[in-house]
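Colleague: Here it is, the structure in full.
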Amino acid sequence: NAGVTQTPKFQVLKTGQSMTLQCAQDMNHEYMSWYRQDPGMGLRLIHYSVGAGITDQGEVPNGYNVSRSTTEDFPLRLLSAAPSQTSVYFCASGPAELVLNYGYTFGSGTRLTVV
Amino acid sequence: DAKTTQPTSMDCAEGRAANLPCNHSTISGNEYVYWYRQIHSQGPQYIIHGLKNNETNEMASLIITEDRKSSTLILPHATLRDTAVYYCIVRVGGNDMRFGAGTRLTVKP
């Protein structure tokens, strides 16, 4: 059981480039989300999804796009990378009825540097 | 969702109980209290959650006051590996979860 898998683990981008951060879970979780964490800060919610075909914005959605075509995958797209998007990105998943179980499972993160 | 207030940092001696407080005075009746922790730069790890009653699992205990305006996470016998940032979050289950700055717990030998 792999849990939540994020790829790549590290990435360096040039300003203006685009890329997709991948997130996959094998627990059949309805809920998935993306967070970013800047140095010394807490996590901030970017986008989330409560099921395939359904996405919504979090606290800091600007500059990012998401889609949810399958239950398993929730990719995060950076349209035109900026140095302000240098951060560690975490993906999380959980069943829809969160209160009935153990809470969210997080991936190990993608460390992104934009130069 | 209700906001939470946690101390910025705390120290604890190895082998002693670590008591991490959280204030959530504006919590609503249907909001749960969740605790997560983040060790180094790893992804956050779920610890425990509760609504009204005190809860205990293999990792920790959660004590919620009767008026639900505050709670305490208890690590009964802290080890060096419990050094982490601990996040207290209150929210209605099933939707997005938002993290604050948390409490940086340092367990000292």
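Nothing in this text is a laboratory measurement; each read-out follows from the coordinates by a stated rule. Since this is a predicted model, take the numbers as computed values, not measurements. Reconstructed Cβ throughout: ideal geometry from the backbone, glycine too, with neighbour counts over all protein chains shown.
Colleague: Give, as ranges by residue number, the residues of the range B:18-37 whose backbone N falls under 13 Å from the point 7 Å along Cα→Cβ of B:Met59.
Modeller: The answer is B:34-37.
Colleague: Find, among the GluC sites (Glu not before Pro) in the range A:30-76, those assigned to loop by DSSP (not H, G, I, E, B) with at most 16 other beta-carbon atoms within 10 angstrom.
Modeller: In loop regions of the range A:30-76 (DSSP not H, G, I, E or B), the sparsely surrounded GluC sites (Glu not before Pro) are A:Glu59.
Colleague: A further question on this structure: Lone cysteines in chain B, defined as no other cysteine's Cβ under 4.7 Å from theirs: which are they?
Modeller: For chain B, the answer is B:Cys12, because their Cβ atoms have no other cysteine Cβ under 4.7 Å.
Colleague: Let me know the mean shielding of A:34-41 by other chains, meaning the per-residue number of their Cβ atoms within 10 Å of its Cβ.
Modeller: The shielding value for this peptide is 2.
Colleague: With an 8 Å cut-off on Cα pairs and a minimum separation of 6 or more residues, tell me the relative contact order of chain A in percent.
Modeller: So the answer I get is 35 percent.
Colleague: Using the Karplus curve 6.51 cos²θ - 1.76 cosθ + 1.60 with θ = phi - 60°, work out ³J(HN,Hα) for each residue of the range A:59-64 in order, rounded to whole Hz, and write x for Gly and Pro.
Modeller: 6, 10, x, 5, x, 10
Colleague: In addition: With the calculation restricted to Cα positions, what are the radius of gyration and Dmax of the range A:1-64 in angstrom?
Modeller: 13.1, 37
Colleague: Summarise the partner chain shielding of A:106-113 as one whole number: the mean count of Cβ atoms from other chains within 10 Å of each residue's Cβ.
Modeller: For this peptide, the per-residue mean of nearby foreign Cβ atoms is 2.
Colleague: Counting alpha carbon pairs within less than 8 Å and at least 6 residues apart, what relative contact order, in whole percent, applies to the range B:37-98?
Modeller: 27
Colleague: Quick check on the range B:59-109: what are the equivalent-ellipsoid semi-axes from the Cα gyration tensor, as sqrt(5λ), descending, whole Å?
Modeller: Equivalent ellipsoid of the range B:59-109: 23, 15, 9 Å, largest first.
Colleague: Taking loop as defined by DSSP and a crowding limit of 16 other beta carbons within 10 Å, which trypsin sites (Lys or Arg not before Pro) in the range B:1-62 fit?
Modeller: Taking the range B:1-62 and a limit of 16 other Cβ atoms within 10 Å, the loop trypsin sites (Lys or Arg not before Pro) found are B:Lys3, B:Arg16, B:Lys52.
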